[in-house]
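The values are calculated or read from the model by the stated rules, or taken from the named source; none is laboratory data. All figures in this text were calculated on a predicted structure; none of them were measured in a lab. Note that each Cβ is placed from the backbone with ideal geometry, even for glycine, and that neighbours are counted across all protein chains shown. Surface areas here come from the heavy atoms of the whole protein model, side chains and all, with no ligands, DNA or RNA. Shrake-Rupley method; radii C 1.70, N 1.55, O 1.52, S 1.80 Å.
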Amino acid sequence: MNTFTAPEIDYVAIAPILIVAIAALLSVLTETFLPRSVRRPVQMILTLISLIGALIVLVINRDIRTITGGGAVAIDGPALVLMGTILILALLSAFLVAERSLDSLGDSFAPSAAALPGSVDEREFSARGYFQTEIWTLFLFAVLGMLAFVVANDLLFMFVALEVMSLPLYLMVGMARRRRLLSQEAALKYFVLGAFSSAFFIFGAGLVYGFAGSISLPEINDALASTAGETLLIVIGMAMLLVGLLFKVGAVPFHQWTPDVYQGAPTPITAFMGATVKVAAFGAMMRLLYVAFSGIQWDWEIILWAVSILSMIIGSLIALTQSDVKRMLAYSAIAQSGFILVGVVAASPSGISAVMFYLIAYGLVTVGTLAVISMVRDSTGEATHLSKWAGLGKKSPVLGAVMAVFMLSLAGIPLTSGFVIKFSVFAAGIAEGDTWLVIAAVVASIIAAFFYVRVIVVMFFSAPNENTASVAVPSIFTTITVAATVTATLVLGIIPQPMIDLLTNAGIFIR
Amino acid sequence: MDPIYYIYLATLLFSIGAIGVLVRRNAIIVFMSVELMLNAANLVFVAFARMNGNLDGQTVAFFVMVVAAAEVVVGLAIIVQVFRTRASASIDEPNLLKY
């Protein structure tokens, strides 16, 4: 009879994840036991303190490089950087979730998600001034899943983390206060397609396990190295795992959910999801490909080449035709996924740091842009149709200027972070010989510049008319987020070197 | 009996599930098809655990069951809410978001 030996767990190394996990559980208890009147401040403080606490512990832990938890958790340079990115972006999005002075009705979330849209119940909840606080619990669990996703070093932990990240997001997407039919529809589509892609992920994991006899990523790599020639089993398994991950980043041809979810979700949740899910999913994708599948690089390179080019071109072309700002940003997100994949395909240390820089800068711009969108309103709530943005820059020069900075950054214009990240990703691609891929990326960037610049043209070069939306006065929360993101976008664009040094020192994924 | 036949069976179940998701209209049936796909994955893990002679695959099967149960909770909440709003469980009917 074999004796069971418990795996060693380095609690210090995984402390940032544990802090968020404990806060999420406390948040469930808060929801259960505290009276309605105090829940909102308690939940808010709990969320903000745990995110900031985790960030502080992460900075203290910055020199830890270890594999712990029986090989399931890998804490290395990229993992620490990606966890920090997720925590900062989650913190900035949490401010948007907390905002309640933009809308005359309160915050962005339905007072009771269970009450039918337009029903007596809903009106009563609204009239009594109830606020929904479960959103904070779901928010913390989603952050927990993302943190676990980027450190997962075996396929089982990666799958569980993927689900802990996704399930709260499906629910959060369906909780908008206004336009609830759109929101519910977005949640349904996101859920059905998300569950479909997770099934592919776990089936692929099963096939890889069958080939390697282990679910641990380094052991899969050893099995690939010791087996003469690759088999169909491992290639199909790897491709199915990639389907699950490419779905999460919204790359073509797995992008169908992206525009609907971006448009239907409450704007703070769009900001949270659009920024952080990309970081988590690309982090997990890089670890999976570089640690487990470096032996069959030729196979996944071909797949990602095709997905990258399709995402960049299709995302940019469809974005040109959009008239809704949130929907346009969704197609822009698809195109940006393609640009990030150029760095993933490069598969070199400079590629890793370029991708991480891209994720940081792009995440900040995404949160900032959606914070600006949440301020532009008319009598029916947010005014996302581009025609209502006509002359907005003349009506409100500060908001117009901020939005212009974000759009220029997304387009990749120098002196904004967007130029630096595009340049470093393309440079990494050229260095690894992916010249044609980079040429396609440059062409797609030129197409993409059109629709980003169109927003600026609409805001500044057309006269305000009676349809032009007004700009709501935000509270301190949204102001902090917008100020922080716009400052970061400019600083990273003008003096990128400290960040590049930091990311280069972070090194590569450990085995 | 050779465990490889279980892999063929699992692949067949997975394909039935995937086709079910793609062609059926009722959200509940679509959802059941997804569950079939997850259970096909379970069968792969258990069969390969037998073939490889280690227990990792059986452990994974337990976790996948738990995840599937959590997915049911979230999924049915969303589907029931959409059904109550629209009095229909068809996934083709919610079509406000497009282009």
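Counting lysine pairs in the protein assembly as shown whose alpha carbons fall under 26 angstrom apart, excluding pairs fewer than 8 residues apart on the same chain, gives 17. Projecting the Cα atoms of B:Ser88, B:Tyr8, B:Asn42 onto the charge dipole of chain B, computed from C-beta unit charges around the Cα centre, puts B:Ser88 farthest toward the positive end.
Please label the shape of the range B:4-86 as rounded, prolate or oblate, based on the square roots a ≥ b ≥ c of the eigenvalues of the alpha-carbon gyration tensor (a/c under 1.5 means rounded; beyond that, a/b larger than b/c means prolate, else oblate). Each step should come with its number before you reach the end.
Details: a/c = 6.65, a/b = 1.83, b/c = 3.65.
Oblate, since a/c reaches 1.5 and b/c is not below a/b.
Ligands, DNA and RNA are left out, and with a 1.4 angstrom probe the accessible area of the range A:15-506 is 32 Å² per residue. Backbone geometry of the range A:309-324 corresponds, through the Karplus equation with coefficients 6.51, -1.76 and 1.60 at θ = phi - 60°, to 3J(HN,Hα) couplings of 5, 4, 4, 4, 6, 5, x, 5, 5, 5, 4, 4, 8, 7, 10, 9 Hz, x marking Gly and Pro.
Expressed as a whole percent, the accessible area of the range A:373-459 that falls on carbon and sulfur atoms is 79 (1.4 Å probe). Per-residue 3J(HN,Hα) values for the range A:130-144, derived from phi via the Karplus relation 6.51 cos²θ - 1.76 cosθ + 1.60 with θ = phi - 60°, read 6, 10, 8, 10, 4, 4, 5, 4, 4, 4, 5, 5, 5, 4, 4 Hz in sequence order (x marks Gly and Pro).
Shape verdict for the range A:402-511, please, from the Cα gyration tensor: rounded (a/c under 1.5), prolate (a/b greater than b/c) or oblate.
On the way: a/c = 3.17, a/b = 1.51, b/c = 2.10.
Oblate, because a/c is 1.5 or more while a/b does not exceed b/c.
So, counting K/R as plus one and D/E as minus one, what does the shell of residues with Cβ under 14 Å around A:Ala347 add up to? Could you put the intermediate results ahead of the total?
Numbers: positive: A:Arg287; negative: A:Asp299, A:Glu301, A:Glu432, A:Asp434.
Net charge around A:Ala347: -3.
If you take each beta carbon of peptide B:61-73 and count the beta carbons of other chains within 10 angstrom, what is the mean?
Numbers: counts 1, 1, 6, 9, 0, 2, 8, 5, 0, 4, 9, 1, 2.
That works out to 4 on average.
Residues in the range A:92-102 carry Karplus couplings, in order, of 5, 6, 4, 4, 5, 5, 6, 4, 9, 9, 6 Hz; the curve used is 6.51 cos²θ - 1.76 cosθ + 1.60 with θ = phi - 60°, and Gly or Pro positions show x.
Could you give the size of the charge dipole of the range A:385-483 about its Cα centre, using +1 on the Cβ of each K and R and -1 on the Cβ of each D and E, expressed in debye and rounded to the nearest 20? Can you show the working numbers first?
Working: 5 positive and 3 negative charges, 72 e Å.
Using only the charged Cβ atoms, the result is roughly 340 debye.
Say the dipole of the range A:15-506 comes from +1 at the beta carbon of Lys and Arg and -1 at that of Asp and Glu; which of A:Phe450, A:Val235, A:Thr384 then lies farthest toward its positive end? The Cα lying farthest towards the positive end belongs to A:Thr384.
Average accessible surface for the range B:4-86: 51 Å² per residue, computed with a 1.4 Å probe over protein heavy atoms with every protein chain in place. Net charge dipole, chain A: roughly 1360 debye, given to the nearest 20, about the Cα centre with Cβ charges of +1 for Lys and Arg and -1 for Asp and Glu. Charges were assigned to the Cβ only: +1 to each Lys and Arg, -1 to each Asp and Glu. The resulting dipole of the range B:4-86 about its Cα centre is roughly 360 debye. Total buried accessible area between B and A, probe 1.4 Å, nearest 100: 3700 Å².
If you take all other residues with their beta carbon under 14 Å from the beta carbon of A:Gly315, and give Lys and Arg +1 and Asp and Glu -1, the sum is +2.
Taking Cβ atoms as reference points and 11 Å as the exclusive limit, the residues near A:Gln184 contribute a net charge of +4, counting Lys and Arg as +1 and Asp and Glu as -1.
Mean residue ellipticity at 222 nm, helices only, the protein assembly as shown: -24500 deg cm²/dmol; runs of at least 4 DSSP H residues each add -39,500 (n - 2.57), and the sum is divided by the number of residues. The Cα atoms of chain A give a gyration tensor whose axes a ≥ b ≥ c have a/c of 1.5 or more with a/b no greater than b/c, which makes the shape oblate. Annotation: peptides A:82-91, A:215-224, A:112-121, A:40-49, ranked by per-residue average of other Cβ atoms within 10 Å with the highest first, follow the order A:82-91, A:215-224, A:40-49, A:112-121.
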